[in-house]
Amino acid sequence: MALKFWVTAPFFYSDMDRPWGELLQDMLTIVDTAERLGFEGVAINENVFQNYVANPSALAFAALAAARTTRLRILPGVVVLPSYNPLLIASEMAMLDHLAPGRLGIGVARGGGRYQLDRIGVDPAKSREIYEEALEIIQKVWVEDNVTYDGRYFSFPRTTLVPKPATQPGPDLWVASQSVDGVRKVAAQGHNLLTAPNWGNFEPHGDLEALLEAFNAAAAESGSPRGEVMVYRHTWLGRTEADALEFFDDMVSEYNHYLALTQTVSQGTREDRLKARGTGEKVEFVEAGRVVPANESPSSEGLWEKYSDPVLTTADKMIERFKQMEAMGVDHLACLIAWGQPIEAVVAQMELMAEQVLPAFAEGPTPSRA
């Protein structure tokens, strides 16, 4: 299977003096452009109470995306399961699956930080156990009638989803993990994997290789079919190397927002980067909804030689990098291309990628771009 290209709707709200509704329209423009140009799908970020990801409902946005597209795959997530009652998530996903049968999936996680959980009364120390119960419940009620459950965090009498998903045994399920131990567990359970640099972008070469090696080995040992792998990468295609760096400073700003939100620091050893992040301490880094960013200042020199992410370069080198990832076992690439740029630049970038990069990975006729 050739590498499939997705884009993200990241909802990075760097300029909060701008009406949020304009950001929403920008994200819908990304959806419309992806449908028009033949991208495989759109992955929809979700988070609350801050401006790094200012989208309180990936599922609501997925419904909008489903209603205005006919072929685009739609992946809300990651949805932090400890934030929700799993019966309601299962029900809403079943409805979404009827809006766009076979095109909907969901990305799930326990949550990599405590900021959201602290504010809705969920103990971050228990998030993994809550997540595991929630995921078990969702998978059961998608296919079974009269389900009962008596767990530590969720209990309910006989319950049947009405409707069940149109797609059986349910929409595509993608599990987010960024650590070696985490991807091994995802593989052993036969799930699809979503992964991105654990400490933000500026991920050195070799980290992704180590994760995929762990994932593939665990999948082989499990005896279950190997799940598919989707990798997130910051990408910007230029007609020249200088063009590719046009919005580098904006990307650094987004990177510093991420470091603040996840309470991580740049770099460290590979062992540090590929182990599970803790939930962190209670640190106030948001003021009136604005993340107070970290103050890292990585250089734009030598990006290609040093880092697997970001990929800011010309078409020939971008194709080379993505062919390498395809050979490593990456099935889907989610391109992070909206980190504060004008939406006109993002649309032009998608058009340039559709012209110069996507054809190198095409399996059939190129979609019309009229």
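Return a yes/no flag: does region 33-43 have any residue that is in a loop (DSSP other than H, G, I, E, B), hydroxyl-bearing (Ser, Thr, Tyr) and farther than 19 Å from Ala288 by Cα. No.
Quick one: Leu104 ticks every box in (1) farther than 23 Å from Gly340 by Cα; (2) without any contact (Cβ under 8 Å) to a residue 40 or more places away in the chain bar one, so which box is it? Of the numbered conditions (1) farther than 23 Å from Gly340 by Cα; (2) without any contact (Cβ under 8 Å) to a residue 40 or more places away in the chain, the odd one out for Leu104 is (2). Residues being closer than 25 Å to Leu274 by Cβ and in contact (Cβ under 8 Å) with a residue 24 or more places away in the chain are represented in region 134-144 by at least one member. If you go through region 269-282 one residue at a time, do you hit one that is at positive phi and modelled with pLDDT of 95 or more? No, every residue in region 269-282 fails to be at positive phi and modelled with pLDDT of 95 or more. Within region 149-179, which residues are more than 28 Å from the chain's Cα centre (by Cα) and open to solvent by less than 50 Å² (accessible area, probe 1.4 Å)? Tyr149, Gly151, Phe156, Thr159, listed by residue number.
Every condition in (1) out of contact with any Phe, Trp or Tyr (no Cβ under 6 Å at 6 or more places or on another chain); (2) modelled with pLDDT of 95 or more; (3) surrounded by 14 or more Cβ atoms within 10 Å (Cβ to Cβ) is met by Ala242 except one, and the failing one is (3). Would you check if Gly105 is part of a strand (DSSP E or B), touching a Phe, Trp or Tyr at 6+ places or on another chain (Cβ under 9 Å) and not polar (S, T, N, Q)? Yes. Whenever a residue of region 8-22 is open to solvent by less than 70 Å² (accessible area, probe 1.4 Å), its partners that are of a type in the set (D, E, K, R) and not in a strand (DSSP E or B), lying with C-beta atoms within less than 7 angstrom and at least six residues away or across chains, give the pairs Phe12/Glu254. Across region 55-68, the number of residues qualifying as under 14 Å from Val7 (Cβ atoms) and open to solvent by 10 Å² or more (accessible area, probe 1.4 Å) comes to 0.
Take Leu96 and decide whether it is open to solvent by less than 20 Å² (accessible area, probe 1.4 Å), touching an Asp or Glu at 6+ places or on another chain (Cβ under 7 Å) and within 20 Å of Val42 (Cβ to Cβ). Show your work before the answer.
Details: open to solvent by less than 20 Å² (accessible area, probe 1.4 Å): yes; touching an Asp or Glu at 6+ places or on another chain (Cβ under 7 Å): no; within 20 Å of Val42 (Cβ to Cβ): yes.
Here the answer is no, as Leu96 does not meet what is asked.
Selection within region 288-325: residues that are part of a loop (DSSP other than H, G, I, E, B) and among the small types (Gly, Ala, Ser). The member of this set that is most open to solvent (accessible area, probe 1.4 Å) is Ser297. Scanning region 217-230 for residues that are surrounded by 17 or more Cβ atoms within 10 Å (Cβ to Cβ) and over 20 Å from Trp6 (Cα atoms) yields Ala218, Ala219, Arg226.
The values are calculated or read from the model by the stated rules, or taken from the named source; none is laboratory data. In this text the structure is predicted, and so the values were computed from the model without any measurement. All Cβ positions, glycine included, derive from the backbone under ideal geometry; neighbour counts span all protein chains shown. Just the protein is used for accessible areas: all its heavy atoms, side chains included, with ligands, DNA and RNA removed. Shrake-Rupley method; radii C 1.70, N 1.55, O 1.52, S 1.80 Å.
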